[in-house]
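Engineer: Would you mind keeping the following structure in view while I ask a few things?
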Amino acid sequence: SLVPSLKDTSTQIDGFEKASKLNWEFSKTYPWKVTNDVSYEGKSSLMSGLPPSSANVVVGKSLYSNMTLSLDNQDLIQAANKNGAVLSFQVKATEALSWPISAFMVTLNDKIVLSPSDVESSASIMWEENEWAEFSVVIDAVDSSSANYDIKFIHVANPLGLDKLPNVPAALELYMDDVRLAPFTRKSDSLDMTTGGSSNGAKWKELSGVFVASSESVNQQNGHADLTSVVYSKLGGRLKYELKTSTQGPFDDLAILFNGKLQDAQFGQSAEFEFVQMEIPRGKVVITFRHRKNPGQLSAGTLDKLGTTKTDGTNRVKNIACWLDR
């Protein structure tokens, strides 16, 4: 169903605005520290202790700035539930991290759950635009009173210990903020959707159970209308929906995004609704159905040369469901 705003089922367990009650442990060399220079919300965040530039890194040696958050089952129960949770956090770099100069990764009980390549592929564009990027890891609860979950955040310069690094110095500033726990989405949870877009009128409408967006509502030469939901997945699953489209590239289309990253784009002329399904990854997944007008941002002159379209620039979606694995 379409709602004005999505309910946030997560609980912030640390925003670094005051002394933390959580069990954090910081490396003795290059420890992370609280700073007021940058924050996702509020006034404070944590900043990596590495030197500000790769020009300060001694070649032939890796430099680590690590911190570990230790949680137990009681922490999960208080913020989420006994079955486990999704831990999410915001990260910002002054410029995109570049292997092999520097890397950021996360381990859970010494197992890599967020790799440097995952970070680079998901956040490089956002960091180049000076934005925060959200990441998440899944904590699968163990039925034991002594269960412990050590989440280690690792920022490393010269991770391969190379004797020679690229000549271009790279900034190494890295910040983290807004650490949250959220319970896994259940099959019984309703899949609420909210809408918004690049302009005030760019929105989806719900008509008799069908979500509808059109290029006409995007009152600009190029723009988009978004239909968005959020799920917290333990093992991943499948997104299922039915689509009836009347769009023509490059004038308009329907894009599917997970956490802001393009997964698929479709256009054409449908006679009937067609069934579509795609895989959902583990963790926190922000699902966006994006009706895009002029997605390539072509000039008006270029579009005019392509002639008129034989479609009405409309996308219709219904029966949206997330089937999450257990």
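The values are calculated or read from the model by the stated rules, or taken from the named source; none is laboratory data. This is a predicted model, so every value here is computed, not measured. Note that each Cβ is placed from the backbone with ideal geometry, even for glycine, and that neighbours are counted across all protein chains shown. Please note that ligands, DNA and RNA were not included when accessible areas were found on the heavy atoms of the full protein model with its side chains. Shrake-Rupley method; radii C 1.70, N 1.55, O 1.52, S 1.80 Å.
Engineer: Tell me the per residue accessible area of the chain using a 1.4 Å probe; a whole number in Å² is fine.
Structural biologist: Computed with neighbouring chains in place, this is 51 Å² per residue.
Engineer: If you don't mind, another one. If you average the sequence gap of Cα pairs under 8 Å that are 6 or more apart and divide by the length of the range 172-325, what percent do you get for the contact order?
Structural biologist: Relative contact order of the range 172-325: 32 percent.
Engineer: Quick check for me: using +1 on Lys/Arg Cβ and -1 on Asp/Glu Cβ, what's the dipole size of the range 195-326 about its Cα centre, in debye to the nearest 20?
Structural biologist: Numbers: 17 positive and 13 negative charges, 91 e Å.
The dipole of the range 195-326 has a size of about 440 debye.
Engineer: So if we plug the beta-carbon distance of D150 and E274 into 1/(1 + (r/R0)^6) with R0 = 51 Å, what FRET efficiency do we get, rounded to 0.05?
Structural biologist: 0.65
Engineer: In whole percent, how big is the carbon plus sulfur part of the accessible area of the chain, probe 1.4 Å, protein atoms only?
Structural biologist: Details: 7890 of 16620 Å².
Ligands and nucleic acids excluded, carbon and sulfur give 47 percent.
Engineer: Right, something else. So the label point goes 7 Å from the Cα of I112 along Cα→C-beta, right? Which residues of the range 33-62 then have their backbone N under 15 Å from it?
Structural biologist: Under 15 Å, as judged by backbone N against the label point of I112, lies no residue of the range 33-62.
Engineer: With Rg and the Kirkwood Rh both taken from Cα atoms, where does Rg over Rh land for the chain?
Structural biologist: Working: Rg = 22.3 Å, Rh = 21.8 Å.
Here the Rg-to-Rh quotient is 1.02.
Engineer: Decide, for the range 210-326, between rounded, prolate and oblate: order the square roots of the alpha carbon gyration tensor eigenvalues as a ≥ b ≥ c, take rounded if a/c falls under 1.5, and otherwise choose prolate if a/b is larger than b/c, else oblate.
Structural biologist: Prolate is the answer for the range 210-326, as a/c is 1.5 or above and a/b outweighs b/c.
Engineer: State the Cα centre-to-centre distance between the range 11-38 and the range 267-326 in whole Å.
Structural biologist: The range 11-38 and the range 267-326 have Cα centres separated by 41 Å.
Engineer: Now, a different point. Take every Cα pair under 8 Å in the range 109-220 that's 6+ residues apart, average their separations, divide by the length, and report that relative contact order as a whole percent.
Structural biologist: 14 percent
Engineer: A further question follows. In nm, to one decimal, how far is the modelled label at K21 from the one at D304, with both set 7 Å along Cα→Cβ?
Structural biologist: 6.5 nm
Engineer: For G84, list long-range residues whose amide hydrogen, built 1.01 Å from N in the peptide plane, is under 5 Å from its own amide hydrogen.
Structural biologist: Placed amide hydrogens put A141 under 5 Å from G84.
Engineer: Evaluate the charge dipole of the range 92-165 about its Cα centre and quote only its size in Debye, nearest 20, assuming +1 on the Cβ of each Lys and Arg and -1 on the Cβ of each Asp and Glu.
Structural biologist: Rounded to the nearest 20 debye, it is 240 debye.
Engineer: Can you compute the charge dipole magnitude of the chain about its Cα centre, using +1 on each Lys and Arg Cβ and -1 on each Asp and Glu Cβ, nothing else charged? Give it in debye, rounded to the nearest 20.
Structural biologist: Dipole of the chain, to the nearest 20 debye: 340 debye.
Engineer: Nearest 0.05, what FRET efficiency do Q12 and R238 give at R0 = 35 Å with Cβ-Cβ as r?
Structural biologist: Computed FRET efficiency for Q12 and R238: 0.70.
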